[in-house]
Amino acid sequence: MITKEEARQRIAALSEELERHNYNYYILAKPTISDYEFDMMLEELARLEHEFPEFLSPSSPTQRVGGGITKEFQSVKHRYPMLSLSNSYSKEDIEDFITRIKKSVDTEVEFCCELKFDGLSISLQYEDGVLIRAVTRGDGMQGDDVTTNVKTIRTVPLKLHGDFPPFFEMRGEIVMPFDSFDKLNEQRVAQGDDLFANPRNAAAGTLKLQDSKEVARRHLDNYCYYMMMDGLEDRYQTHYESLQAAKRWGFNVSNFMAICKSVEEIFDFINYWDEARHQLPFAIDGIVLKVNSYEQQQVLGYTAKSPKWAIAYKFKAEEVETELQSVDFQVGRHGTITPVANLSPVLLAGTTVKRATLNNEDFIRQFDLHYGDTVTVVKGGEIIPKIIGVNFDKRQPNAQPVAFTRVCPACGTELIQNEGEAAWYCPNAPACPPQVKGRIEHFISRKAMNIESLGEGKIELLYDEGLIKDVADLYSLTYERLFGLAKELPILDENGIETGKTRKVSFKEKTAKNIIDALEKSKTVPFERVLFALGIRNVGEVVAKTIVAEYRDIDSLMQASVEDLSAINTVGEVIAQSVKAFFENPVNLDIVERLKAAGLQFAKAETAASDQPQLLAGKTFVVSGVFAHYSRDGIKAAIEAYGGKNASSISSKTDYVLAGDKMGPEKRKKAESLGVPIISEEDFEKMINPILSSVSSSPPPPSPGDTLSLF
């Protein structure tokens with residue numbers, strides 16, 4: 001019988017050895033033992049952890065096989081915002097980017113060129129070398145905690161080795177390799193499920209599965225491309241240097257990168273990978289350029305949406321010729337009629353293409369489309385490809401022109417066209433099935449009311465059974481009405497075409513209960529998301545937040561005039577007209593009243609104001625360097641608590657540069673050239689605590705990293 005101490009030692013030894021073999025196999029691609037030997041060690045470790053659960057670590061290699069069930073993905077605020085990249089499509093764009101960079105920094109600039117992975121971004125947080133949290137990008141400011149699922153990805157290290165810092169984040173891209181994607185779609189056909197359109201969508205869907213065992217079976221991959229932590233520029237001089245360090249600690253960092261100093265060198269790299277990407281086992285859609293020097297990155301700073309020191313070059317979309325066989329007309333949730341071409345199947349960008357969007361009637365006229373035409377099709381980032389040209393030399397003499405429909409293909413209502421618009425609409429919004437179902441599907445979506453359990457064809461079943469005819473009807477559903485419902489629905493391929501097979505959608509006991517629970521929980525969703533969920537034309541997430549900041553309850557919003565709404569920054573007359581028209585419709589007013597009665601949030605929750613005196617109101621600070629009594633986030637939090645604002649880069653609008661130890665010389669140089677005052681940590685404490693200015697001694701300093709130390 002093994003003793004506790006022997007078990008502890010054996011578990012530690014097995015864990016260390018398995019992590020080393022995992023690193024050799026997945027990161028270095030140099031396995032040193034057979035798969036059988038690895039599996040036998042993993043089985044022994046799992047058995048010991050089962051017998052001695054007190055020694056089971058969250059970073060154990062056994063956690064990669066999955067098994068945890070995540071009923072709800074918690075929303076987490078990013079410690080460092082996850083910004084997007086500006087896109088470029090030509091050599092001229094890149095030349096302009098480099099010119100702007102060189103105007104802002106006086107010294108020589110070099111660029112790190114990397115592959116732009118076509119997947120979904122992830123933030124990996126490590127504390128003392130152990131993965132503690134994995135968060136999706138979300139809206140850039142906050143995302144979903146998907147740690148349990150990410151632990152199943154073999155190329156994400158659970159425990160690091162080497163000289164890693166106490167706390168840092170690695171940004172990466174989760175992708176689904178082509179082999180895994182093909183196998184997954186084969187399984188979905190066999191199981192009677194709709195197919196995924198592309199590997200990116202499949203990876204995104206997989207990462208949000210509740211069952212981590214299923215995530216493990218789908219074999220996702222991860223490539224890390226950026227490190228983030230307080231004082232990063234004090235530890236490493238360049239981005240490339242930090243990535244090489246990360247690789248030594250156990251991260252999967254692409255070997256396909258280059259340091260370039262000229263446009264010619266950059267485009268040698270771009271042109272090479274524009275061809276070589278077809279040999280990669282995963283999808284890329286471009287190249288990312290980053291200023292390599294961290295000091296120069298700090299000087300360049302950020303816009304509200306993206307870093308000024310990085311840009312993405314997007315590859316030109318692939319093209320192929322095929323035959324236009326027929327045209328279908330689809331109805332969107334706002335009633336917009338979109339023509340879709342049915343094509344002779346052709347291989348394009350790794351998938352078989354059978355359909356392409358035709359946008360609107362003007363598009364059809366512009367290309368003078370005829371049935372049987374040989375058309376040129378491209379597929380960039382779009383799920384549905386598009387036609388960009390017609391080979392008129394191959395047109396048959398008796399070919400018939402494509403005519404745009406004048407009646408709704410779903411309900412037969414005569415279409416209308418607003419003055420000055422190219423689109424045609426079906427005005428039968430309350431009763432046109434695709435519009436009704438589309439609005440309900442938007443309402444339950446993750447960024448709106450987030451009623452996840454109602455996906456996978458269940459809205460269509462509930463509508464067909466007459467249980468819901470609008471979004472307010474959802475809150476009249478009961479367990480008794482749901483339990484036992486079932487129907488066979490057609491399986492669609494990646495082009496949205498019926499495959500001839502069906503799948504059974506049913507409401508079993510657990511499903512029915514989950515839906516009722518999710519509906520009840522949705523009653524706590526904040527007003528701005530409820531407003532977005534209503535599906536008002538032209539009102540997206542950002543606009544909804546902007547409107548709610550001005551009109552803090554639904555009643556005052558409904559009374560607002562077009563002129564009042566137009567005066568809101570970023571709204572404008574078009575959006576204002578949409579909002580006014582929505583609330584003038586009696587059908588919509590009835591829905592809002594029923595949603596109110598159901599208990600949804602139609603007023604903005606008041607947030608508590610800071611208890612601190614607003615001594616820094618109207619002042620903008622740029623923080624640089626390392627501080628004795630605060631983390632970087634802690635001192636920024638103090639600035640905001642006392643009414644100040646933080647900025648990422650120094651400009652003429654900066655009031656103070658708050659300088660700690662090892663402040664970057666470029667920032668100091670820029671502050672001095674603009675005449676911006678540079679203050680110390682002690683100066684800052686005197687600003688927020690005037691009493692300190694009149695005494696020689698300071699109170700005991702707060703503990704390092706404590707963001708609430710002055711509050």
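The values are calculated or read from the model by the stated rules, or taken from the named source; none is laboratory data. Note that the coordinates shown come from a computational prediction; the quantities given were computed from them, not determined experimentally. Positions of Cβ are generated from backbone atoms using ideal geometry, with glycine treated the same way; all protein chains shown enter the neighbour counts. Only protein heavy atoms, including side chains, enter the accessible area calculation; ligands, DNA and RNA are left aside. Shrake-Rupley method; radii C 1.70, N 1.55, O 1.52, S 1.80 Å.
Some observations on this one:
- Taking segment 533-553 as the range and being more than 14 Å from Gly572 (Cα to Cα) and open to solvent by less than 30 Å² (accessible area, probe 1.4 Å) as the test, the residues that pass are Ala533, Leu534, Gly535, Ile536, Val548.
- Tally, over segment 26-50, of residues that are open to solvent by 70 Å² or more (accessible area, probe 1.4 Å) and in contact (Cβ under 8 Å) with a residue 40 or more places away in the chain: 1
- Here Asp590 does not fit the description of being among the acidic types (Asp, Glu), out of contact with any helix residue (DSSP H, G or I) (no Cβ under 7 Å at 6 or more places or on another chain) and surrounded by 15 or more Cβ atoms within 10 Å (Cβ to Cβ).
- Test: residue in segment 252-262 that is open to solvent by 30 Å² or more (accessible area, probe 1.4 Å), closer than 24 Å to Thr99 by Cβ and free of Cβ contacts under 8 Å to residues at least 24 places away in the same chain: yes
- Residue check for Gly496: open to solvent by 30 Å² or more (accessible area, probe 1.4 Å), modelled with pLDDT under 95, in a loop (DSSP other than H, G, I, E, B) and not charged (D, E, K, R): yes
- Segment 483-493 - residue that is aliphatic (A, V, I, L, M) and either farther than 25 Å from Gln330 by Cβ or touching a Phe, Trp or Tyr at 6+ places or on another chain (Cβ under 7 Å) (or both) and, of those, modelled with the highest pLDDT: Leu485
- Of all residues in segment 376-425, exactly one satisfies the criterion of being aliphatic (A, V, I, L, M) and touching a Gly at 6+ places or on another chain (Cβ under 7 Å), namely Ala399.
- Residue count, segment 644-681 (criterion: in contact with a Pro (Cβ under 8 Å, 6 or more places away or on another chain) and surrounded by fewer than 20 Cβ atoms within 10 Å (Cβ to Cβ)): 1
- Per this entry, Phe282 is counted among residues that are modelled with pLDDT under 95, aromatic (Phe, Trp, Tyr) and either within 30 Å of Leu415 (Cα to Cα) or touching a strand residue (DSSP E or B) at 6+ places or on another chain (Cβ under 6 Å) (or both).
- Residue in segment 412-425 that is under 19 Å from Ala518 (Cα atoms), modelled with pLDDT under 90, open to solvent by 60 Å² or more (accessible area, probe 1.4 Å) and not aliphatic (A, V, I, L, M) present: no
- Helices (runs of 4 or more DSSP H) (entirely within segment 137-234) containing at least 3 residues that are over 28 Å from Ala356 (Cα atoms): 147-150, 212-217
- Pair list, Cβ < 8 Å and 6+ apart or interchain, from segment 349-360 residues that are at positive phi and open to solvent by 50 Å² or more (accessible area, probe 1.4 Å) to residues that are of a type in the set (Val, Ile, Thr) and at pLDDT 90 or above: Asn359/Thr338
- In the condition set (1) more than 30 Å from Asn198 (Cα to Cα); (2) at pLDDT 90 or above; (3) open to solvent by 20 Å² or more (accessible area, probe 1.4 Å), Ala576 is compliant with all but (3).
- Checking each residue in segment 374-411 for being in contact with a helix residue (DSSP H, G or I) (Cβ under 8 Å, 6 or more places away or on another chain) and either open to solvent by 70 Å² or more (accessible area, probe 1.4 Å) or not in a strand (DSSP E or B) (or both) picks out Ile383, Val402, Phe404, Ala410, Cys411.
- If you go through segment 684-697 and keep only what is modelled with pLDDT under 90 and part of a helix (DSSP H, G or I), you end up with Glu685, Lys686, Met687, Ile688, Pro690, Ile691, Leu692, Ser693, Ser694.
- For segment 126-154, a residue qualifies if it is surrounded by 20 or more Cβ atoms within 10 Å (Cβ to Cβ) and polar (S, T, N, Q), and the qualifying residues are Thr136, Thr147, Thr148, Asn149, Thr152.
- Of all residues making up segment 235-246, the number that are over 24 Å from the mean Cα position of the chain (by Cα), at pLDDT 95 or above and in a helix (DSSP H, G or I): 5
- The set of residues from segment 94-118 being part of a helix (DSSP H, G or I) and either among the hydroxyl-bearing types (Ser, Thr, Tyr) or surrounded by 15 or more Cβ atoms within 10 Å (Cβ to Cβ) (or both) comprises Ile94, Phe97, Ile98, Thr99, Ile101, Ser104.
- Filtered by the rule that a residue be in contact with a Cys (Cβ under 9 Å, 6 or more places away or on another chain) and either closer than 30 Å to Asp182 by Cα or open to solvent by less than 10 Å² (accessible area, probe 1.4 Å) (or both), segment 278-300 gives Ile287, Val288, Leu289, Val291, Asn292.
- Residues satisfying the stated conditions in segment 283-318, i.e. part of a loop (DSSP other than H, G, I, E, B) and either under 19 Å from the mean Cα position of the chain (by Cα) or without any contact (Cβ under 8 Å) to a residue 24 or more places away in the chain (or both): Ala283, Thr303, Ala304, Lys305, Ser306
- Checked against the criterion of being open to solvent by 40 Å² or more (accessible area, probe 1.4 Å), in contact (Cβ under 8 Å) with a residue 24 or more places away in the chain and of a type outside the set (S, T, N, Q), the candidates Glu452, Glu480, Glu465, Glu488 yield just one match: Glu452.
- Residue match in segment 420-435 (condition: within 29 Å of Asn585 (Cα to Cα) and free of Cβ contacts under 8 Å to residues at least 12 places away in the same chain): yes
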